[in-house]
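This report concerns only the one structure given below.
The values are calculated or read from the model by the stated rules, or taken from the named source; none is laboratory data. Predicted, not measured: the structure shown is a model, and the values here were computed from it. Note that each Cβ is placed from the backbone with ideal geometry, even for glycine, and that neighbours are counted across all protein chains shown. Heads up: the accessible areas ignore ligands, DNA and RNA and are worked out on the full protein's heavy atoms, side chains in. Shrake-Rupley method; radii C 1.70, N 1.55, O 1.52, S 1.80 Å.
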Amino acid sequence: VRQAMPTVRLTGYDADPDVRATALRIDLTDDVADSAGAAVTDADLVVLCVPVGAIGTVAGEIAADLPAEAVVTDVGSCKTDVARALALALPGIAVVPAHPVAGTERSGPEAGFATLFAGRWCILTPAADADPVAVERVASFWRRLGADVETMTPEHHDRVLAVTSHLPHLIAYSIVGTASDLEAVTESEVIKYSAGGFRDFTRIAASDPTMWRDVFLSNREAVLEMLGRFSEDLAQLQRAIRWGDGDALFDLFTRTRAIRRSIVEQGQDDAREDFGRAHGPDA
Ligand SMILES: NC(=O)C1=CN([C@@H]2O[C@H](COP(=O)(O)OP(=O)(O)OC[C@H]3O[C@@H](n4cnc5c(N)ncnc54)[C@H](O)[C@@H]3O)[C@@H](O)[C@H]2O)C=CC1
Ligand SMILES: O=C(O)C(=O)Cc1ccc(O)cc1
């Protein structure tokens, strides 16, 4: 926002005093308020950037202080629960839930970088009767940050993201946990020989525990549905390995390689790799 909209006056609030101090020190915001309510008293646009389990609570904290014409949005990774909580906490206020599908495993005020949203999707999930002017204000905010904006229902969002983001994170958490349990048996060989594949999983599995706990509690139904499908497909691979069915393995790996190539062609993998290059392998 600082780079793309330099004339916008930014006021921040965070429950953690260290985060508030850091935000001021690194000039992330012009002001830092000492309560959520005080941060929004003269706001045009309020962007709630807290773990999904806290979005409804924070919306409740600002409700009494919001100017009547303010638009409230969020960046939560799940939308069904969050959209419901926002609507409940903010009756009569223009609410446009959003999810910028871009990020890294890092968190905190120093983890942001100006190009994070460039060329990435931002998904809006407004209610069917949302004010189109408010929807356009949020859409144009994200477009000015370089994102491409798409609109869908919260339920559809949550099913899609369960496969493309939530399940992959769950698999990474699980495999790194399994490898660490095995470490005692292999006497640290897990770390010593952690070549490409495992290293990639450890990056994802380093993501913020509070954020991801809340994602799985909030998107429970869609994640469980996709996890069921994944478990069936994994069992098929297990069978192929057991019976030496090389064709089944080869066919799947050929199909998945094509998926990766089409993602790269669409330029959807750039930002994180650029970030990794800029900040070193352990960033
Ligand atoms: N990290 C990522 O890659 C992405 C995260 N998101 C979503 O963005 C949201 C924020 O995530 P991050 O910025 O990564 O997390 P973060 O950990 O960097 O920031 C969250 C902040 O919320 C504060 N907080 C927690 N409860 C609070 C409360 N009740 N009142 C005031 N402040 C409170 C914490 O102190 C923390 O500083 C989450 O909903 C997440 O699902 C969306 C896209 C990508
Ligand atoms: O670090 C990664 O690979 C991510 O996938 C970042 C991310 C995390 C959560 C989101 O809702 C969107 C993007």
Linear extension gain, Arg84 paired with Arg213, 0.36 nm per residue minus alpha-carbon span: 44.5 nm
Take Asp181 and Ala111, extend 7 Å from each Cα along the Cα→Cβ direction, and tell me the distance between the two endpoints in nm. 2.6 nm
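Highest mean first, what order results for 221-233, 141-153 on Cβ atoms within 10 Å? Numbers along the way, then the final one.
Numbers: 221-233: 14.5, 141-153: 17.1.
My ranking of the peptides, most packed first, is 141-153, 221-233.
Given the DSSP H assignment, sum -39500 (n - 2.57) over each helix run of at least 4 residues in the chain and divide by its residue total; what's the result at 222 nm in deg cm²/dmol, nearest 500?
Working: 13 runs with 152 residues, N = 283.
Mean residue ellipticity, 222 nm, calculated: -16500 deg cm²/dmol.
What whole-number value in Å² describes the accessible area per residue of the chain for a 1.4 Å probe?
I get 59 Å² per residue for the chain.
FRET efficiency for Gln236 and Asp16, Cβ-Cβ distance as r, R0 = 41 Å, nearest 0.05? Before the final figure, lay out each step's value.
Values: r = 45 Å, r/R0 = 1.11.
Once rounded, the FRET efficiency stands at 0.35.
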Phi-based couplings in Hz for the stretch 140-152 (Karplus 6.51, -1.76, 1.60; Gly and Pro marked x): 6, 4, 6, 4, 5, 8, x, 7, 9, 9, 10, 10, 7
Considering the dipole of the chain built from charges on the beta carbon (Lys and Arg +1, Asp and Glu -1) around the Cα centre, which of Leu45, Ala114, Ala130 is farthest to its positive end? Ala114
Can you give the FRET efficiency for His156 and Asp251, using 1/(1 + (r/R0)^6), R0 = 30 Å, r = Cβ-Cβ distance, to the nearest 0.05? 0.55
On a 0 to 90° scale, report how tilted helix 196-205 is relative to the longest principal axis of the chain, with both axes built from alpha carbons and the result rounded to the nearest 10. 30 degrees
Between helix 246-265 and the chain: long-axis angle, C-alpha atoms, 0 to 90°, nearest 10: 30 degrees
Using a Debye calculation, one point per C-alpha and no hydration shell, please list log10 I(q)/I(0) for the chain at q = 0.09, 0.13 Å⁻¹ in order. -0.50, -1.00
Gain upon complete extension [Ala64, Asp129; 0.36 nm per residue less C-alpha separation]: 21.1 nm
First measure r as the distance between the Cβ atoms of Ile191 and Arg144, then evaluate 1/(1 + (r/R0)^6) with R0 = 45 Å and state the FRET efficiency to the nearest 0.05. 0.55
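Report the antiparallel proportion of the DSSP beta bridges in the chain as a percent, rounded to a multiple of 5.
Values: 3 of 16 bridges.
Of those bridges, close to 20 percent are antiparallel.
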For the chain, size of Cβ-based charge dipole, Lys and Arg +1, Asp and Glu -1, in debye: 680 debye
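Give the carbon-plus-sulfur fraction of the accessible surface of the chain in %, rounded to a whole number; probe 1.4 Å, heavy atoms of protein chains only. Walk me through the intermediate numbers first.
Values: 9250 of 16750 Å².
For the chain, the apolar C and S fraction of the accessible surface comes to 55 percent.
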